[in-house]
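The structure appears below as structure tokens.
The values are calculated or read from the model by the stated rules, or taken from the named source; none is laboratory data. Predicted model only: the values in this text are computed from it and were never measured. Ideal geometry is used to build each Cβ from the backbone, glycine not excepted, and the neighbour counts take in all protein chains shown. We work out accessible area using only protein heavy atoms, side chains counted, and drop any ligands, DNA or RNA first. Shrake-Rupley method; radii C 1.70, N 1.55, O 1.52, S 1.80 Å.
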Amino acid sequence: MCGIVGYIGKRQAFPIVLEGLKRLEYRGYDSAGIALYDGSDILLSKTKGKVSALEDKANNEMSLKGNLAIGHTRWATHGVPNDVNSHPHYSNSGDLVIIHNGIIENYASIKEELIKRGYTFQSDTDTEVLINLIEDVKKKEKVKLGKAVQIALNQVVGAYAIAVFDKNKPNEIVVAKLGSPLAIGVGEDEFFIASDASPFLEYTKKAIYLEDEEMAVVRLNKKIKIRKIKNDELAETYIQELKINLEQIVKGGYDHFMLKEIYEQPTAIKDTYRGRLLVKEGIIRMAGIDDHLEKFLNANRVIIVACGTSWHAGLVAEYIFENLARIPVEVEYASEFRYRNPVITSKDVVIAISQSGETADTLAAIKLAKQNGAFVFGVCNVVGSTIARETHAGAYTHAGPEIGVASTKAFTTQITVLTLIALKLAKESGAMSKSDFQYHLQELELIPGKVEKALESDKHILEVAKKYKDSKNCLYLGRGYNFPVALEGALKLKEISYIHAEGYPAAEMKHGPIALIDEQMPVFVIATKKGHYEKVVSNVQEIKARSGKIIGIVTQGDKDVKAIADHIIEVPETLECLTPLLTTIPLQLLSYHIAVLLNKNVDQPRNLAKSVTVE
Ligand code: AGP
């Protein structure tokens, strides 16, 4: 999983590609490189580290003038992150150069063949094998670059979004896609290539998203023609008008994207229910559900597949669906589901949840479910993403771009969409009375204001963070709807502060984890008024009796937990099923502050990437 950027046109290509790579660093940031055509030759600069390191290196070692360039920011799959394994990669002749996001699975056998034919390799990457295969085909078959790419891609197994150019034909870039995203920005006498539209938004709002197994020769002064890689058939060239703004993807005055995204949640939740939650009319309107209502109502069960934070949103949905709509739900890690030969029938509805819409495991689970005849519904944030296209129907979360690697607003907007679906099904199936349904609609509409209120505790949360920033371990406890919030709280802390944390259902404590409790152990307990409150208070007592440090996430005005806890953080009162939308806020802020206090890279934590497009 990597970010790719390319430019060909009338402007200086280097700054466009460099800036584009910076915007795509959420896709990987262990090395970066740019290949620039300066009018007579290809100049290449690449380095281990971030795009800023590449900027310094390129400034020192090459001229930055030229109107054609391709660049790459990497998240290593084959070969350790170092200068040599960084992209772009040359072919043996030095004529061709490539950037690649994905994995060529059969690269080893191709490499062996190429070595027999006299090719040599500098790096350990599958990508260098691919560019030499393309060169070999081009020479053997005496074909143009586009054709050579097509023939070569028909010989590889794996996933790719690639951009290739030939220094002897510097008026074109050949692009192709299978499994990894690739967008082409269409300007006036200029084209942009990128993993998503963010690198070219200030230049053009016109974009073509390649489908899987499609390729194009992007040539100056020519209309783009898209072809099927398999059989050379022409495919439809659909130019979309993008509605996204650049301001939406820059930090907007916040120190980190994560903080900006935490604070965007009131708006993001409102945007997610806008036009769907019609309180006055007493209805929920969702085209993706309305058009397939029978599928949902007649389903034997709903299976939710997702990874990471999206999986946690799925767990919250399990409680909501079963409690409100009385529909049986199973929640599966997509990575397990795809390999455990699950029993799936045409009476199952599968809901796939994914912020990026590109997660490889979730995609594979969707494909498996479809093969077995299930109806597959997607809940995605990224419009036009692969999962959004691969599912039979779906609902977008409308959270806007989420850049911070740690998911925040994606989680709360996923819960919002899933709550809307559950409520709609509850009403349509008769599981919920009209008045109860109306009450839920009213309460859901109030959530953005209550999230704003929860955000007001930020300063107090910073003080709490200062007290626990040096902890080595933390426990997160919750029950019912808030058990998944405990898991999510622990995940947030782990991924950005590197402190070991675990989430547990509060009542499970006594079956083992209680042995960990001593005066060194901070325990974050979600203990909102509604939902097993008394039971959770008893669990809090048990921790206190063993000298654990207690930080309670409680309903405004709480007295019982306050009396026992070391600290409390209040959230407004709401319906029990909506509490995760509020209790998750202080936990996000806590993790954020702890990571900042520890001087960690909040937006780009080590070893992670925003969308995990590898297994
Ligand atoms: C959450 O903070 C993560 N970084 C990660 O767990 C993420 O939720 C997971 O990789 C799934 O991503 P998706 O929602 O884009 O499919």
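Given charges of +1 on the Cβ of Lys and Arg and -1 on the Cβ of Asp and Glu, with all other atoms neutral, how large is the dipole of the chain about its Cα centre, in debye to the nearest 20?
Charge dipole of the chain: 420 debye, to the nearest 20.
Could you give me the radius of gyration and the Dmax of region 456-600, taking only the C-alpha atoms into account and expressing both in angstrom?
13.5, 38
Expressed as a rounded percentage, what relative contact order does region 251-455 have, with Cα pairs under 8 Å and six or more residues apart?
Computed over region 251-455, the figure is 29 percent.
If N is the number of residues in region 3-248, what value comes out of its Cα radius of gyration divided by 2.2 N^0.38 Å?
Taking N as the residue count of region 3-248, the ratio is 0.92.
List the extent of the Cα atoms of the chain along each of their three principal axes, largest first, rounded to whole Å.
Answer, in whole Å and largest first: 78, 53, 43 Å.
Using all C-alpha to C-alpha distances in region 360-408, build P(r) with 5 Å bins and read off the rounded percent in each one.
Spelled out per bin, shortest first, that is 5, 21, 27, 22, 15, 7, 3, 0.
Check ALA352: other-chain or 5+ apart residues with amide H under 5 Å from its amide H, H built from backbone geometry?
Correct list: VAL305, PHE377, GLY378, VAL379.
Report the label-to-label distance for ASN231 and ASP124 in nanometres (one decimal), using points 7 Å from each Cα along the Cα→Cβ vector.
Result: 4.1 nm between the two label points.
Show me the helices of the chain, taken as full DSSP H stretches, that run 27 Å or more along their long axis by Cα and average 0.5 or above in Kyte-Doolittle hydropathy.
Going by DSSP H runs, the hits are 409-429.
Note down the nm distance, to one decimal, between modelled labels 7 Å out along Cα→Cβ at ASN106 and at GLU330.
3.4
Any chance you could run the full-extension gain for SER63 through GLU202? It's 0.36 nm times the residue separation minus the Cα-Cα distance, nm to one decimal.
Difference between extended and current length: 47.6 nm.
Which chymotrypsin sites (Phe, Trp or Tyr not before Pro) from region 198-294 combine a DSSP loop assignment with at most 11 other Cβ atoms within 10 Å?
For chymotrypsin sites (Phe, Trp or Tyr not before Pro) across region 198-294 that sit outside H, G, I, E and B with at most 11 neighbouring Cβ atoms in 10 Å, the list reads TYR238.
Highest mean first, what order results for 548-561, 350-363 on Cβ atoms within 10 Å?
With the highest mean Cβ count within 10 Å placed first, the list reads 350-363, 548-561.
Work out the P(r) tail for region 544-615: percent of alpha carbon pairs separated by more than 18 Å, whole number.
58
Considering only protein heavy atoms and a 1.4 Å probe, what is the carbon-and-sulfur percentage of the accessible area of the chain?
Percent of accessible area from carbon and sulfur atoms in the chain: 48.
Using 0.36 nm times the number of residues separating GLN541 and ASP56, minus their current alpha carbon distance, what extension gain do you get?
Difference between extended and current length: 169.0 nm.
Given axes a ≥ b ≥ c from the Cα gyration tensor, I'd like to know whether region 398-440 is rounded (a/c under 1.5), prolate (a/b larger than b/c) or oblate.
prolate
Name the long-range amide H neighbours of GLU214: under 5 Å, sequence gap of 5 or more, or other chain; modelled H, no Pro or chain starts.
LYS177, ILE229
Would you calculate the volume per residue, in Å³, of the smallest convex hull containing every Cα atom of region 217-352?
So the per-residue hull volume is 243 Å³.
Would you calculate, for the chain, the mean residue ellipticity at 222 nm contributed by helices, counting each DSSP H stretch of 4 or more residues as -39,500 (n - 2.57) and dividing by all residues, to the nearest 500?
-10500 deg cm²/dmol
Sort out for me the Cα centre separation of region 34-94 from region 369-390, rounded to whole Å.
Distance between centres, Cα-based: 35 Å.
Towards the positive end of the charge dipole of the chain, with charges on Cβ (+1 Lys, Arg; -1 Asp, Glu), say which of HIS511, LEU597, GLY20 has the farthest Cα.
Farthest towards the positive pole: GLY20.
Enumerate by residue number the GluC sites (Glu not before Pro) in region 460-521 meeting two conditions: DSSP loop (anything except H, G, I, E, B), and at most 16 other Cβ atoms within 10 Å of the site's Cβ.
Here the GluC sites (Glu not before Pro) that fit, given the DSSP loop and packing criteria, are GLU519.
For region 159-175 and region 221-273, what is the separation of their Cα centres, given in Å?
When both Cα centres are located, 23 Å separates them.
Which shape class applies to region 251-455: rounded if a/c is under 1.5, otherwise prolate when a/b exceeds b/c and oblate if not, where a ≥ b ≥ c are the square roots of the Cα gyration tensor eigenvalues?
Note, shape of region 251-455 comes out oblate.
Under the 0.36 nm per residue contour assumption, what length would be gained going from the current alpha-carbon distance of ASN245 and LYS116 to full extension?
Full extension from ASN245 to LYS116 adds 41.4 nm.
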